[in-house]
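**Student:** My questions will all concern the structure given below.
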Amino acid sequence: MDIKFIKREELQEKPDQKKLGFGKYFADYMFTMDYDEGIGWHDATIRPYGPIEMNPATVVLHYAQETFEGLKAYRRADGQIQLFRPEMNARRMINSNERLCMATIPEDMFIEAVNALVKAEEDWVPSEPETSLYIRPFAFACESSLGVHKSKAYKFVIILSPVGAYYAEGLAPVKIMVEDEYVRAVQGGTGFTKCGGNYAGSIIGQVKAEKYGCSQVLWLDGRERKYVEEVGAMNIMFKIDGKVYTAATVGTVLPGVTRRSCIELLKDWGY
């Protein structure tokens, strides 16, 4: 791609790497690219991080036609920067966009955009133990129309955030609540996609969990409420009699990149 670069007048002061938390700070630049039916993707730009202006009738605000991804860049011991299987995130986003009838971002274009932005912001990749640069690509319908139909225009954006541990407990065990009233996903729905609607519907479970002093929700199947599916922001696996078990990705479980990598390794090791 021919990626345009718009320079920021003044760079921000970097946050304390020992107190990053998760998703609280954002790098100086972001990537944006537009899609119009009949034209395709165009105007790839790395620009100063800032607000996105939207018409009040923008489709995503009314019908939630949007998807997103999440991956990380790591600072290695030798100072070099490394990504973890970004092609898998690109392919998952293609599947998510197809399910929501959105324009897809080709795998090579997705990876090129991620690499270009991370390279431009390499100073934002932290070096403290258990820290990384969180990469959030997302796409949304930006046609201005109140009719219920797939949009003819989309925007693809990538933002960056230096982060520490997701949970306040860090890598220590966390308490999990089993949710047997509400469900996260059902067969034929969007459970396998990474779209905001899935998360919006799951917040009620998270609120309940927090009342019981738990950090996350363990979701059960949508039909019988007795089969384990997944945990809100984690993967769950059980080791029973030397074998590892986890729910199959048959339309209701998000096919996580870390999840898949762990399963591949476990199969290689005979589990």
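The values are calculated or read from the model by the stated rules, or taken from the named source; none is laboratory data. These numbers were taken from a predicted model, which means no experiment stands behind them. Positions of Cβ are generated from backbone atoms using ideal geometry, with glycine treated the same way; all protein chains shown enter the neighbour counts. Protein only, heavy atoms only, side chains kept; ligands, DNA and RNA dropped before computing areas. Shrake-Rupley method; radii C 1.70, N 1.55, O 1.52, S 1.80 Å.
**Student:** What 222 nm value per residue comes from the helices of the chain, counting each DSSP H run with n ≥ 4 as -39,500 (n - 2.57) and dividing by all residues, nearest 500 deg cm²/dmol?
**Tutor:** Computed mean residue ellipticity for the chain: -7000 deg cm²/dmol.
**Student:** Let's test the formula: R0 of 35 Å, r as the Cβ-Cβ distance of A168 and A200. What FRET efficiency results, to the nearest 0.05?
**Tutor:** On the way: r = 23 Å, r/R0 = 0.66.
After rounding to 0.05, the efficiency reads 0.90.
**Student:** Further question: Of I159, T190, V60, which is farthest along the charge dipole of the chain in the positive direction, counting Lys and Arg as +1 and Asp and Glu as -1 at C-beta?
**Tutor:** Ranked along the dipole, the leading option is T190.
**Student:** Then there's this: Evaluate the charge dipole of the chain about its Cα centre and quote only its size in Debye, nearest 20, assuming +1 on the Cβ of each Lys and Arg and -1 on the Cβ of each Asp and Glu.
**Tutor:** Using Cβ point charges on Lys, Arg, Asp and Glu, the chain gives about 660 debye.
**Student:** What are the extents of the Cα atoms of region 1-149 along their three principal axes, listed from largest to smallest and rounded to whole Å?
**Tutor:** Computed over region 1-149, the largest-to-smallest principal extents equal 51, 33, 30 Å.
**Student:** Using only Cα atoms, figure out Rg for region 219-271 and give it as a multiple of 2.2 N^0.38 Å.
**Tutor:** Dividing the Cα radius of gyration by 2.2 N^0.38 Å gives 1.16.
**Student:** Students often get this wrong, so check it: of K208/K267; K72/K119; K24/K150; K18/K239, which have C-alpha atoms separated by over 24 Å?
**Tutor:** Pairs exceeding 24 Å: K208/K267; K24/K150; K18/K239.
**Student:** What share of Cα pairs, in percent, lie more than 21 angstrom apart in region 1-86? Could you put the intermediate results ahead of the total?
**Tutor:** Working: 1956 of 3655 pairs.
Distances greater than 21 Å cover 54 percent of the Cα pairs.
**Student:** What distance in nm separates the simple spin-label points at M1 and D180, each placed 7 Å from Cα in the Cβ direction?
**Tutor:** 4.8 nm
**Student:** Related question: FRET efficiency for K119 and L61, Cβ-Cβ distance as r, R0 = 45 Å, nearest 0.05?
**Tutor:** Here the calculated transfer efficiency is 0.85.
**Student:** Once you put a point 7 Å from the Cα of E13 and another 7 Å from the Cα of A248, both along the Cβ direction, what distance in nm separates them?
**Tutor:** 5.6 nm
**Student:** Counting residues in the chain as N, plug N into 2.2 N^0.38 Å and put the Cα Rg over that result.
**Tutor:** 1.06
**Student:** Largest first, what is the accessible-area ranking of R136, R223 with a 1.4 Å probe?
**Tutor:** R223, R136
**Student:** With θ taken as phi - 60° and the coefficients 6.51, -1.76 and 1.60, list the Karplus ³J(HN,Hα) couplings across region 188-193 in order, rounded to whole Hz; mark glycine and proline as x.
**Tutor:** Result, rounded to whole Hz: x, x, 10, x, 7, 9.
**Student:** As an exercise, use a Förster radius of 51 Å and the Cβ-Cβ distance of Y271 and S144 to find the FRET efficiency, rounded to the nearest 0.05. Numbers along the way, then the final one.
**Tutor:** Working: r = 52 Å, r/R0 = 1.01.
Between Y271 and S144 the formula returns 0.50.
**Student:** Another question, then. Protein chains only, probe 1.4 Å: how do E53, E98, E121, E112 rank by accessible area, largest first? If you can, show how the numbers build up before the last one.
**Tutor:** Details: E53 180, E98 115, E121 10, E112 70 Å².
In descending accessible area the options line up as E53, E98, E112, E121.
**Student:** So what J values fall out for region 36-42 if you push phi through Karplus, 6.51 cos²θ - 1.76 cosθ + 1.60 with θ = phi - 60°, rounded to Hz, Gly and Pro as x?
**Tutor:** Result, rounded to whole Hz: 10, 4, x, 10, x, 6, 7.
**Student:** Roughly how far apart, in whole Å, are the Cα centres of region 177-212 and region 21-72?
**Tutor:** 24 Å
**Student:** What is the dipole size for region 131-271, taken about its Cα centre, with +1 at each Lys and Arg Cβ and -1 at each Asp and Glu Cβ, in debye to the nearest 20?
**Tutor:** 320 debye
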